[in-house]
Amino acid sequence: MNQINPYRRNCEVMRKFFAKPIFLITGIVFSICVIVNLILGLLIKQNIYFDFMTVASCIAFFMFYFTARSKKESVSFRVPTVMLDIVSIIGIVFSGLASAFCGFYTVLTIFTNIFSADSPAVEYHGYDAILASIAESLHTAFLVIFPILTVISLLLLFYFIGMQRMCLSFKKSISNIYLQRKGSVLFGIMSVVFVMLSIGAMFVYFIPFGYPLDIPAVITFLSPAINFICMAVLAFMYNSYIKRLVNSLETGRPVQSAPDKAEDVIENDQTLNMWTEVETINQSHSQATVARPVEFTPQAVFGNKSIETETRQPEVFIPDSNMQNPYAKQSVTTSKRCSNCGKENPKNNLFCGNCGNRL
């Protein structure tokens, strides 16, 4: 009888999820965004920078997908999980520092304005007045920009925290007996928030400020929005996938889903299919029968004396309506033998039908 190994079962559950097309689509979208940004940097003659976090995430998604689609019986997802974990840790560090700096500057500016409100105004003339007006404009701009940057950096901090917790759920689900989905909801919600921020920033850029609607600017705003859409879909799919499986394991009923060609390698292997193992165990229990003892004739232990055995006909219980107990025990007699002529007569006859002798 096959026993269910929870570690192997969880590995196959995660392997089925990593084999979903969303990982391939996300990797392709990330790679397209990286290539388009490099081409735009060359055309506009701006400074070309290497986006390590996007490239590492792109490689990790491709590794997840193609490793899960491998025909090997056992595979490891350690490398792509560690890559996403490193990306999330770097994002947590930089977004945390940015939020701390912007928040400190915002608070400092607010207190400076409060204490400088009572100070007498100083009049400037000539170039000093021009510099003073420029400084005042910058100061007013910083009062608006730094709170916005503080909010955005805090949102980025929560985004990378959700990403790091989801990566931790990946690792624990593969190496533990429990399936986890922590951080997936937070990561999906923050991805949706940044999708809205990217689209909103694009409209603010073009409509209030009156900048020309050109293709490079549209691509610059839409490429991160598409990336965040893919990440949101991936996070919510992982949350619903694990939740559905955990509920089915608790109720003991397998998940009803249509077979997928992409999962033929895993579905056709009976040793890797946890639901097949459960059904096999249930069928073996339901089909179990009790074997009857084998009849045998005892043999003599000492000497050549044989033990005489007597074969008896089994007694059958026939209910009789004349009896007080209808389940009284009676022996089966089908006929009566005449003592005079030896003729077999029905059991209800009182006299022999051949010679007339009283039975």
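Readers should treat all values here as calculations from the given coordinates under stated rules, not as data from a laboratory. As the structure is a computational prediction, the values presented were derived from the model and not from experiment. When we count neighbours, we look across all protein chains shown, and the Cβ atoms used for this are built from the backbone with ideal geometry, even at glycine.
Would you mind putting 72-78, 29-35 in packing order, based on average other-beta-carbon counts within 10 Å, highest first?
Top of the packing list down: 29-35, 72-78.
Could you give each residue of segment 162-168 its phi-based ³J(HN,Hα) in whole Hz, using Karplus coefficients 6.51, -1.76, 1.60 with θ = phi - 60°, and x for Gly or Pro?
So the J values, rounded to whole Hz, are x, 5, 5, 5, 5, 4, 5.
Of the listed pairs 20/171; 71/171; 171/243; 20/72, which have alpha-carbon separations greater than 20 Å here?
Too far apart for the 20 Å limit: 71/171.
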